[in-house]
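Peer 1: Below you will find the structure I want to go over with you.
No lab work stands behind these numbers, since they all come straight from the coordinates. Because the structure is predicted, anything quoted here is derived from the model rather than measured. Positions of Cβ are backbone-derived with ideal geometry, glycine not excepted, and every protein chain shown enters the neighbour counts.
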Amino acid sequence: MLIDRTHRKWFVGSAVALAVATAVYIPYALRAPQGPRGGSALGLTYGIAGFLFMLFAGLLGLRKKFPVWRIGRAQSWMRGHLWFGLLSFPLILFHGGFHFGGTLTRMLMWLFVFVWVSGILGAALQHFMPRFQTAQLPMETIYEQIDRVRGQLAEEAGQLVEETCSALEGEVSRASERQRAMSASAGTQGGLTVASGLQANQQVSTQLRQFLDEEMRPYLERAGAHAMRLGQTTQAQKMFQQFRVLLPPELHSNLDDLENICEEKRQLDKQSRLHKILHGWLLVHIPLSYALLLLGAVHAVVALKF
Amino acid sequence: MSTKPADEIQLTIDGRPISVPAGTTIFDAARVNGIPIPTLCHQQNENPVGVCRVCVVDVGQRVYAASCIRQVESGMTVKTSTDQVQAARNTLVELLMSDHPAPCARQQQSGDCELERLAGAAGIKEPRFPHRTTARGKDDSSAVIGVDHEACILCDRCIRGCDDIRQNWVLARRGKGYQAGIAFDNNLPMSESSCVSCGECMVSCPTGALTNKRVVGTQLGEGDVLDPAELLHLPIFQNVSGTFLELNQKAVVKRHFKAGEIVCREGDFGSTAFYILEGQAEVFLSSPIAHVKTEGSSKGFFSKLQSLLAPREGDRRSEESDRPFIPIDASVDLPYDNPIAELNPGDMFGEMTCMSYYPRSATVRARADCVMLEMLRNVLDILQRNKTFRAQLERNYRARALDSHLRSVPVFASLTQDFIDHLRDRVELLRFNPGQVICRQGDSADSFYLVRIGFVKVSEQRPGGELILAYLARGGYFGEIALLSGIPRSATCTALDHVEVVRIAGEDFQLMLDRFPDVRQKLEAIAHERIEENLRHTVQAQNVPVDQFLAQGLMEAQSLLVLDLEKCTRCDQCVRACADAHEGVSRLVREGLRFDKYLVATSCRQCRDPLCMVGCPVGSIRRRNTLEVIIEDWCIGCGLCATNCPYGNINLHPFPAELDDPAHPGHKIAGVRVKATSCDLCHDHAEPSCVYACPHDAAHRVNPPEFFAGLLTQPTPTKGGS
């Protein structure tokens, strides 16, 4: 989510709420005989408010499970999640008087810190990564389709190489006929020149097929494979440049296509990595959040009852 | 052949004394006495014209005589095969071969090109003379006869066949010198001319200039192949050349269907048409007559959407069609309330499927034991041009379908029976081939048209190019704007495929407006809306310049789902929401073209040029004035619209249905029927679900020219900047 000017109302509202909470906390903290405590009226108020904010933030997951339900736009829920979640931290700190307390509450506070920090990290990732991804990956596709697209790229590469080799071999057979004609009319010397050219074409054709089997196909068929030579742009450029020297100009467009295929594969790999980063943090944030809510509820019961 | 009374004339041909009646030509005199003389332009059943001169003979005069037209004279000494005569003939043949595309189509098909046979006999392999430098071209417009002007030797046999033998008067000569050739009517393409495809010209042609076009896979698998003689006994094949039928023999077969047997099923693809010879058949739609409705399953806070089928009465949609009849590819329309009708001997069905390869529009089942002709396109084309058959078809249409066709158009619902009877014999059924212009922008208006078969493209020529305004299917109409306003035609209407229209003359149209003021009112309102809409299209087209925008086809869209890639986290909530809203069938794919930082998702674009609407066999897909595509209740789920959509934006949504059990007639079994669906903008709610469910404010439904206005007016940066 891009945190931009459209968040202004939320920012202002949260800032005002924080300012008010702080303005109330400071005199309370200074005047409380035994210092600010979670069990005091104000402390409880902060605690309840903070927990309610956390609960609301936690409900975002449920909201996403039923996207069609008309219970407020998902965008509003997300912004609420972000700003209420942000506000909940100072409120909980005010609730505890900046003390972490006993075993349960200490565990709870550290859990909360991890959830809160991972949330901020996630917000930052969601703010910066989409732009980065859009700029870096013009060839991106749907993440779940990456394997399929990779398979298609491998197939396409195979077809292109075959087409190039056939064109070379066609040239070979045409040249063979020319060679026979030249040998018959012009003598052995002319024949030798064409013959050496023929051999060169055949060698290039073989080299290209070898390149496909040993370099391209393994690279295209494997996810990741950054360590392979084609996984690095400069190395790949050098390899294709060598083929450009060997192949006639009319076949360079095929080489360009092969190079683009490798570039697309690199972008898909990058997309895969970025996607995991962009969504991977949720694997930390979500379970910890549920644990936080559960333990928070336990703490509330224990603290109030006993 | 001479018509003079017979007095015997004595002459000598190749040293043989011969006696023939006066008036006999040298050619005939030689022929009856077993002396062959080669010829190209002469055919026994035609009057000779002596244009090719291949039949020249030495009659002892300064110049050789063309034996096909020169009459015998008493005491004449004719030499038909001296070295000099042969040399002259060979030179003529060689000259003809120098412009002949050997081997021509006839030589390739059947090895019997008369010119090439003569050349072979004369030992001419490579003519010494240079080929013609100006091309005369080909005409592939006819479905049954290929015309190759390059192979034409201007023997005029085709002209004589068409005029003298068949009395059709279509063919004639045109041009002079190297530009001379044969022409159909006023040099029209063959299919657009008044040619009735009798095949006489093709049968008469000695070379590959006119050849039979074989439809690929010409042979029909099932059915009894009929002898041409049997076919010629049928009134509908009257005046068709027997040789022509022989060449197309396996393209028409006789099929026998027992009572209860299915002849064809709606939605199936096919390439044949049927003509009923005996028995009765019933034509019906087995798909549920209902549309896909998406609604909340419970009211209030936690509403969830579900998709179900709802008929017109149960769920009235805005701009829903009130048509009482469902248009199908047959000589009848089906009543909406009970979509079943009877077909009798003399009825034809499946024309659109046969000519344009559209899916079958309805299911046909034999009610009693039936005998039908099943035919391929080339035979149907012959029939459609045959005067006897056309007259029968028109009679049937006027008697059975004109009424329901007119009444199925809501604007004409109030026409009285007596007025329809008045129109019955005055309307004209006209056929147009694909690409043929029906009426042109700027022409004066004298007719109103109803579309009976096929699809018509309505377009306007603007300085920037052609602007498509609409596609009209069966039941559509055009020509009213110019007639109402007295102005020239405001648009060009072109046949997209094989189209048949009902033409109502301007005077009858005016009479209708005078007698039925409510019809005038409705037509005027619709004409006004169309003019406004056309103006909107034109203004938008003029205001949006940019290459990339146009190249991506975005100009054609009126409503795009765009995803701001700088906000989108690729969470797929939009797709999930769409699937949830439509029983698991998403109408959106988060993939598509990129324009600037936006991804144009694959979802219905409400195109200006709605290609999805072309080809619907039952005319069930159209657009409301609010841009949203509406698919009528009688969609048969053939999927052609889904195939036609260039963006893959139409889905087929399966629904459980009761189907006829083919193993047990009369019983039903559970099955699945599909109905076409596309993005419905979740019209039950204030906002589309995809947009509503996006947590990052990345998904938007926009009008492209407005949304991209800022980008579109930016100058393209130049390299190397100043």
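Peer 1: Ordered by residue, what ³J(HN,Hα) values in Hz, to whole numbers, does region B:370-386 give under the Karplus form 6.51 cos²θ - 1.76 cosθ + 1.60, where θ = phi - 60° and Gly and Pro are x?
Peer 2: With the stated coefficients, region B:370-386 comes to 10, 10, 9, 9, 10, 9, 8, 4, 5, 6, 4, 4, 4, 5, 5, 8, 6 Hz.
Peer 1: Once the convex hull of the alpha carbons of region B:182-278 is built, what does its volume come to per residue, in cubic angstrom?
Peer 2: Convex hull volume per residue, Cα atoms: 142 Å³.
Peer 1: For B:Cys264, enumerate residues with amide H under 5 Å from its amide H, sequence gap 5+ or separate chain, H modeled in the peptide plane.
Peer 2: Those qualifying (amide H under 5 Å, at least 5 residues apart or on another chain) are B:Val364.
Peer 1: Then there is this: With a sphere of radius 10 Å drawn around the Cβ of B:His653, what net charge do the other residues whose Cβ falls strictly inside it have (Lys, Arg +1; Asp, Glu -1)?
Peer 2: +2
Peer 1: Quick one: compute the contact order of chain B, relative version, from alpha carbon pairs under 8 angstrom and 6+ residues apart, as a percent.
Peer 2: Relative contact order for chain B comes out at 10 percent.
Peer 1: Among B:Ala391, B:Ile340, B:Met372, pick out the residue whose Cα is farthest towards the positive end of the charge dipole of region B:331-411, where Lys and Arg carry +1 and Asp and Glu carry -1 on C-beta, about the Cα centre.
Peer 2: B:Ala391
Peer 1: On to the next question. R0 = 35 Å: FRET efficiency of B:Ile487 with B:Arg316, Cβ-based, nearest 0.05?
Peer 2: For B:Ile487 and B:Arg316, the calculated efficiency is 0.45.
Peer 1: Please list the equivalent ellipsoid semi-axes of chain A, computed as the square roots of five times the alpha-carbon gyration tensor eigenvalues, in descending order and whole angstrom.
Peer 2: Equivalent ellipsoid semi-axes, largest first: 70, 16, 15 Å.
Peer 1: Set the Förster radius R0 to 41 Å, insert the Cβ-Cβ distance between A:Asp213 and A:Ile277 as r into 1/(1 + (r/R0)^6), and round the FRET efficiency to 0.05.
Peer 2: The value I calculate is 0.75.
Peer 1: Please express the shape of region B:558-624 as an equivalent ellipsoid: the semi-axes are the square roots of 5 times the eigenvalues of the C-alpha gyration tensor, given largest first in whole angstrom.
Peer 2: Semi-axis lengths for region B:558-624 are 26, 17, 8 Å.
Peer 1: Hey, got the Cα dimensions of region A:83-125 along the principal axes, in Å, largest first?
Peer 2: 34, 17, 11
Peer 1: Separate question: Which value, in debye to the nearest 20, describes the size of the charge dipole of region B:425-481 about its Cα centre when Lys and Arg Cβ atoms bear +1, Asp and Glu Cβ atoms bear -1, and nothing else is charged?
Peer 2: Roughly 220 debye, rounded to the nearest 20.
Peer 1: Let me ask something else about it. Ranking request for peptides B:448-455, B:57-64, A:217-224: highest mean number of other beta-carbon atoms within 10 Å first, then the rest in descending order.
Peer 2: In decreasing order of mean packing, B:448-455, B:57-64, A:217-224 become B:448-455, A:217-224, B:57-64.
Peer 1: Work out from phi, with θ = phi - 60° and the Karplus expression 6.51 cos²θ - 1.76 cosθ + 1.60, the ³J(HN,Hα) of each residue of region B:401-406, listed in order in whole Hz, and give x for Gly and Pro.
Peer 2: Couplings: 10, 4, 3, 5, 5, 5 Hz.
Peer 1: Right, here's the next one. In units of 2.2 N^0.38 Å, what is the alpha-carbon radius of gyration of the protein assembly as shown?
Peer 2: Here the Cα radius of gyration is 1.31 times the empirical estimate.
Peer 1: Can you give the extra length, in nm with one decimal, that the chain gains between A:Gln145 and A:Gln202 once fully stretched, where that is 0.36 nm per residue apart less the Cα-Cα distance?
Peer 2: The span from A:Gln145 to A:Gln202 would gain 16.8 nm if fully extended.
Peer 1: With labels modelled as points extended 7 Å from the Cα through the Cβ direction, what inter-label distance (nm, one decimal) is found for A:Leu59 paired with B:Asp418?
Peer 2: Going by the 7 Å Cα→Cβ label model, 7.2 nm.
Peer 1: What's the Kirkwood radius of region B:363-417 in Å, using all Cα pairs?
Peer 2: Kirkwood radius, region B:363-417: 14.0 Å.
Peer 1: Each residue of region B:159-173 in turn: what ³J(HN,Hα) in whole Hz from Karplus with 6.51, -1.76, 1.60 and θ = phi - 60°, glycine and Pro shown as x?
Peer 2: Coupling constants for region B:159-173: 5, 5, x, 5, 8, 6, 8, 9, 6, 8, 6, 9, 8, 7, 8 Hz.
Peer 1: A further question follows. In nm, to one decimal, how far is the B:Asn186 label point from the B:Gln441 one, both placed 7 Å along Cα→Cβ?
Peer 2: In this crude label model, B:Asn186 to B:Gln441 measures out at 2.3 nm.
Peer 1: For region B:401-499, with only Lys/Arg (+1) and Asp/Glu (-1) charged at the beta-carbon, what is the dipole magnitude about the Cα centre, in debye rounded to 20?
Peer 2: Dipole size: approximately 240 debye.
Peer 1: OK, next. On a straight-distance basis, which lysines could pair with A:Lys238 in a cross-link, Cα separation under 24 angstrom, same-chain partners fewer than 8 positions away excluded?
Peer 2: In chain and number order, the partners are A:Lys265, A:Lys270.
Peer 1: Need one number: the % of Cα-Cα pairs in chain B sitting beyond the 38 Å mark.
Peer 2: Within chain B, distances greater than 38 Å cover 52 percent of Cα pairs.
Peer 1: Here's a follow-up. Extent of region A:63-182 along each principal axis, from alpha carbon coordinates, in Å, largest to smallest?
Peer 2: 99, 37, 24
Peer 1: Ok, one more. Just from the alpha-carbon atoms, what are the Rg and Dmax of region A:20-116 in angstroms?
Peer 2: 15.4, 52
Peer 1: If you take the beta carbon distance between B:Asp518 and B:Gln179 as r and set R0 to 51 Å, what does 1/(1 + (r/R0)^6) give as a FRET efficiency, to the nearest 0.05?
Peer 2: The pair B:Asp518/B:Gln179 has a calculated efficiency of 0.35.
Peer 1: So, one more: Where nothing but the Cβ of Lys and Arg (+1) and of Asp and Glu (-1) is charged, how large is the charge dipole of the protein assembly as shown around its Cα centre, in debye to the nearest 20?
Peer 2: Its charge dipole is roughly 3880 debye.
Peer 1: Expressed in nm to one decimal, what extension gain is obtained for the pair A:Glu169 and A:Ala32 from 0.36 nm per residue of sequence separation less their Cα-Cα distance?
Peer 2: Gain on extension, A:Glu169 to A:Ala32, equals 40.1 nm.
Peer 1: Further question on the same structure: Out of the trypsin sites (Lys or Arg not before Pro) in region B:83-175, which ones are loop residues according to DSSP with at most 15 other C-beta atoms within 10 Å?
Peer 2: Taking region B:83-175 and a limit of 15 other Cβ atoms within 10 Å, the loop trypsin sites (Lys or Arg not before Pro) found are B:Lys125, B:Arg128, B:Arg132.
Peer 1: To the nearest whole percent, what portion of all C-alpha pairs in region B:1-116 is separated by more than 21 angstrom?
Peer 2: Here the long-distance tail beyond 21 Å is 41 percent of all Cα pairs in region B:1-116.
Peer 1: Would you mind computing, in nm to one decimal, how far apart the modelled labels at A:Gln152 and B:Asp7 are, each placed 7 Å from Cα along Cα→Cβ?
Peer 2: 9.0
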